[in-house]
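Single-structure report; data block below.
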Amino acid sequence: MPNSSTRASAPDTVLQVCPLLPALESTLSEQYRTVRLPELSDPAAFLRDHGDDVVAAVTSARVGVDDALMDALPRLGAIVHFGVGYETTDVVRARARGVDVSNTPDVLTDCVADLAVGALIDVMRRMSEADRYVRAGGWGAAPFPLASSVSGKRVGILGLGRIGRAVARRLEGFGVQVAYCTRTPVPGVGHRHLPTAEALAEVCDALVVTVAGGRGTEGLVSAAVLEALGPQGYLVNVARGSVVDEQALVAALETERIAGAALDVFTDEPNVPRALLESDRVVLLPHIASATRETRAAMGDLALRNLRRFMTEGVLLTPVPEASPSTH
């Protein structure tokens, strides 16, 4: 529940920071005194005059709550993220102010892992490219070029959290040799552990990125990592665009220093570099790894349950750790 310094005359307001799932928005409006920040004609005036009414903020993984907004809400007690990622919110800073932070883990793991494996198959077997080839009438002129098999290959997973482990389980069905990179080996995991992203890329035919976003992993997939992956190697990113040095990736594709890439996330979404748009060796997806009806409904339900727990008991159901934010 809101902290004990709450003024008796102040209404407890929930601030919706950004557009959310329609069903979630509807329930927020029905059950709480909710203010939708994006719909205000003068957000700055509201924050100045009514910022101290807000006790909880509901936001998305992509938007979070920045420092300026946090500072404008002196009675804020909880930040509820719709999504598993939370690198857009400074969790350490929030907790130093007595603000707890939650996300929606677990409920999107399977969908993200499904898409990661699907994207890997797509780019290695050139499925999207083949689809365009048929639609353009190319089949009648010449056979489609050969692709690369997936079964039996060596696949590295950069980051072995919930999603990374789910990807590994799926790939085992393809007879894939799985290796992974984390700061330290994960207990109970039999796959080969490599200490750096570059070392992992050197022993893989494909690199699947599921590591956390945020400052700690920015540019982790660097030019050197792509060089280590090599001209027969493929990159799949379902984590955050910031994890990959996008300029280095464009250069590696243009000079054929890697074979291809499948990308669900980008550095400046929804803007995608023209070089990627024009490349037939890249599968481009509009950040849809968790975008299924079932998963989004489960995410909305968990976000609501976090908010309800805070508003009634003053604690969150799935508070995030202060370090190593997850990827979605």
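Any read-out appearing in this document is the output of simple, stated calculations on the displayed coordinates, not a laboratory observation. All values derive from a computational prediction rather than experimental measurement. So basically every Cβ, Gly included, is an ideal-geometry build from the backbone, and we count neighbours across all protein chains shown.
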Inset, instruction - Over the chain, calculate the relative contact order: mean separation of alpha carbon pairs under 8 Å at least 6 apart, over the residue count, as a percent. - result: 18
Inset, instruction - On a C-alpha basis, how far is the centre of region 53-128 from the centre of region 132-188 in Å? Whole number, if you could? - result: 26
Legend entry - Fluctuation leader among 288, 79, 157 - the chain, Gaussian network, Cα springs under 10 angstrom: 288
Legend entry - Quarter of the Cα convex hull surface for region 109-284, i.e. its orientation-mean projected area (nm²): 10.0
Inset, instruction - Report the local net charge at residue 218: Lys and Arg +1, Asp and Glu -1, summed over other residues whose C-beta lies under 13 Å from its C-beta. - result: -1
Inset, instruction - Could you check which residue among 274, 97, 240 shows the biggest mean-square fluctuation in a GNM of the chain with a 10 Å Cα cutoff? - result: 274
Inset, instruction - First select every other residue whose beta carbon is under 12 angstrom from the beta carbon of residue 257; then total the charges, Lys and Arg +1, Asp and Glu -1. - result: -2
Inset, instruction - Starting from the Cα gyration tensor of the chain, multiply each eigenvalue by 5, take the square root, and state the resulting semi-axes largest first in whole Å. - result: 41, 21, 17
Inset, instruction - List every DSSP H helix in the chain whose Cα atoms extend 20 Å or more along the helix's own long axis and whose mean Kyte-Doolittle hydropathy is at least 1.0. - result: 109-125
Legend entry - Surrounding net charge for residue 169, when Lys and Arg each add one and Asp and Glu each subtract one, Cβ distance under 14 Å: 0
Legend entry - Estimated vicinal HN-Hα couplings, Hz - region 71-81 in sequence order (Karplus 6.51, -1.76, 1.60; Gly, Pro = x): 5, 7, 10, x, 9, 4, x, 8, 10, 9, 9
Legend entry - Estimated 222 nm signal from helices in the chain, with DSSP H stretches of n ≥ 4 weighted -39500 (n - 2.57), rounded to 500: -10000 deg cm²/dmol
Inset, instruction - Quick one: which residues, 5+ away or cross-chain, put their amide H under 5 Å from the amide H of residue 236? H built at 1.01 Å from N. - result: 207, 208, 209, 262
Inset, instruction - Could you grab the relative contact order for region 109-284? Cα pairs under 8 Å, six or more apart, rounded to a whole percent. - result: 21
Inset, instruction - Identify the trypsin sites (Lys or Arg not before Pro) of region 161-222 meeting these criteria: DSSP loop state and at most 14 other C-beta atoms within 10 Å of the C-beta. - result: 183
